[in-house]
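These notes concern the structure reproduced below.
The values are calculated or read from the model by the stated rules, or taken from the named source; none is laboratory data. Quantities reported herein were computed from a predicted structural model and do not represent experimental measurements. All Cβ positions, even for glycine, are placed from backbone atoms using ideal geometry, and neighbour counts span all protein chains on display.
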Amino acid sequence: MPRSKNRRKKNKSKSGKNRTSLQDHKKVGKQLQSGFAVVADKMTFSSWSNDRLPEMIWAAAIRIIDDQDYAISEFRRILSFISEHKSKDDLSNITLTGISKLDEELREEFVSFILDNESTANALTVLKLFKHLPARETWVKFLPDSQPELEILMDAVGFNLPHQSQEATDCRWLRLMAQVISGKLHIPRETAEEWFGYPYEGDLRAIRPSIRAAEINDNPFKEKDLIWPNSFWEDAWNNTPCLALIEEKKEEVEDGGLSQADITSLLEKIETHWSKTHSTTAIDARHDAVFGIALYALRVLDEILETGVGTGILGRLGLRTVLECHISLRYLMTKDNADLWKKWRTYGAGQAKLNALRFDELMNAPKHIDLSTLEAIAGEDLWEEFINIELGSWSGLDLRKISEKSGVKNAYDAHYSWTSGYSHGTWGPIRESCYETCGNPLHRLHRYPRRNSLPDTITDACMLIDSILDDLDKAYPEFADRLGKGE
């Protein structure tokens, strides 16, 4: 069957993550929606890490004190107790809350059996750290007198927090099998055999997802008892500090040894080339725009380098400005129309006029505004009464469309969206620059304030400026100098 002409070839994911590709998102208005997001408001979410891990923290602690074989042997020992007990129907819910609701005799029998193994009992002393532990008096009665080790609790949460981790899957299997063995959950015989053989038999690539899917399937009509989970996380937050998340050291991007002297030298060469190509004292919108944009972009880079903000927020604002300069100049060069060059210039004069009028009639000018300069720009080419004020963009198009028509959409896609977030102060950039992920698993990998050094913008800015210089050379040939730091 021939391939449809409209069928696009999917790009292979570099991350390897199993997620909806960008091209498979559906455009609805001004949103790109994935298939799951469309039904998100109609779903009731259930969280392993937030709600059910605290309930199974006793199993999570067993899971991490030794290897998987030890944990599975302990889990099977507990499951055998349930299957052979005369009251196994009552032992379907082995969460901490579920255990607390057993009658006292059965509860004590079950807890004492769990703690019958010395290694397991020593690990579970961490339960004594929680004052609001369900049935705390029963657990304390059978736990050893030794002091709890906070590191065990942190490891138990840390390794089990990701709901698809091997450790979490093993604990979820235990919870699920208690329901099966007690007769609470009825499943097909074939599925039961696969689950009973876990994790040593069968195709685990299929079995593990089926276990997680079944374990999450709580009754949606039954109100969840979240008293203990909420208490668990509250105590964890109040009693332990935030910790720096230890990550592999990222390789720093070299800027190729770019110095301000390099930029000053290049600025001087551009000025020299300007002098060589300048042929009239009349208004030359094309010449002024080409050289002005190049000089302006280099000034931005010079300030980024001088102030050392390349790894900060302002560096991203500067990079966004350099990008807009590149896209605008490429569009002007692509059209290379005298009227468009003039329109670009007149737009700037109109903006100066708009602000001059505003500060003349409606308000006082802020301190960073030189009103006399605005007045001069508004009327230096043409008496301002003949200049219209354009309230839209100078080209009548947004920057994305300009980039498409100029053949530089890749540069737009690479740099515009994220740097614009920095300009607007949206959550993503605020999160990246002002918050860090807490390395204390007992805090659920939350974010805490921290001043983060960001990846340097110098190399990307150099690459864009070299593209601007390519256009300068095309407009006024024999300018071969480049920064050469963007490779």
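Those residues that are out of contact with any helix residue (DSSP H, G or I) (no Cβ under 8 Å at 6 or more places or on another chain) and not in a loop (DSSP other than H, G, I, E, B), I need them from segment 80-92; list them, please.
Those that are out of contact with any helix residue (DSSP H, G or I) (no Cβ under 8 Å at 6 or more places or on another chain) and not in a loop (DSSP other than H, G, I, E, B): S80, E84, D89.
If you check G202, G183, which single one turns out to be exposed (fewer than 14 other Cβ atoms within 10 Å of the Cβ), assigned to a loop (DSSP other than H, G, I, E, B) and in contact with a helix residue (DSSP H, G or I) (Cβ under 8 Å, 6 or more places away or on another chain)?
The conditions single out G183.
When you go through Q147, Q164 one by one, which is the residue that is under 37 Å from the mean Cα position of the chain (by Cα), modelled with pLDDT under 95 and assigned to a loop (DSSP other than H, G, I, E, B)?
None of the other options fit; the residue is Q164.
Any idea which of R77, R63 is over 23 Å from L133 (Cα atoms), surrounded by 14 or more Cβ atoms within 10 Å (Cβ to Cβ) and in contact with a Phe, Trp or Tyr (Cβ under 9 Å, 6 or more places away or on another chain)?
Among R77, R63, only R77 is over 23 Å from L133 (Cα atoms), surrounded by 14 or more Cβ atoms within 10 Å (Cβ to Cβ) and in contact with a Phe, Trp or Tyr (Cβ under 9 Å, 6 or more places away or on another chain).
Given the criteria among the small types (G, A, S) and at pLDDT below 95, does S119 qualify?
No: the conditions fail for S119.
Go through segment 415-442 and count every residue that is without any contact (Cβ under 8 Å) to a residue 60 or more places away in the chain and surrounded by 15 or more Cβ atoms within 10 Å (Cβ to Cβ).
Total satisfying the criteria: 3.
Looking at segment 109-127, which of its residues are under 36 Å from the mean Cα position of the chain (by Cα) and surrounded by fewer than 18 Cβ atoms within 10 Å (Cβ to Cβ)?
Correct list: empty.
Would you mind finding the one in D481, D470, D460, D456 that is among the acidic types (D, E), over 30 Å from L161 (Cα atoms) and not assigned by TED's automatic domain parsing to the domain that holds T277?
Matching residue, one of D481, D470, D460, D456: D481.
Is it the case that some residue within segment 413-422 is under 12 Å from S328 (Cα atoms) and of a type in the set (A, V, I, L, M)?
No, the conditions are met nowhere in segment 413-422.
Got a sec? Which helices (runs of 4 or more DSSP H) wholly within segment 355-455 have at least 1 residues that are in contact with a helix residue (DSSP H, G or I) (Cβ under 6 Å, 6 or more places away or on another chain) and of a type in the set (A, V, I, L, M)?
Output list reads 371-379, 399-406.
Test of understanding: among E109, E105, which residue is in a helix (DSSP H, G or I), among the charged types (D, E, K, R) and under 19 Å from F75 (Cβ atoms)?
Criteria check complete, one pass: E109.
Specify the residue that is surrounded by the fewest Cβ atoms within 10 Å (Cβ to Cβ); the eligible residues are those in segment 370-381 that are closer than 30 Å to P477 by Cα and either of a type outside the set (D, E, K, R) or touching a residue at least 40 places away in the same chain (Cβ under 8 Å) (or both).
The residue in question is D381.
Condition check ((1) touching a Lys or Arg at 6+ places or on another chain (Cβ under 9 Å); (2) modelled with pLDDT under 95; (3) farther than 18 Å from A168 by Cβ; (4) outside any helix (DSSP H, G or I)) across all residues:
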{"position": "K12", "(1), (2), (3), (4)": "no, yes, yes, yes"}
{"position": "F45", "(1), (2), (3), (4)": "no, yes, no, yes"}
{"position": "A59", "(1), (2), (3), (4)": "yes, no, no, no"}
{"position": "I94", "(1), (2), (3), (4)": "yes, no, no, yes"}
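Filter segment 343-369 down to the residues that are surrounded by 11 or more Cβ atoms within 10 Å (Cβ to Cβ) and over 22 Å from E324 (Cβ atoms) and list them by number.
Within segment 343-369, A356, L357, R358, F359, D360, A365 meet the criteria.
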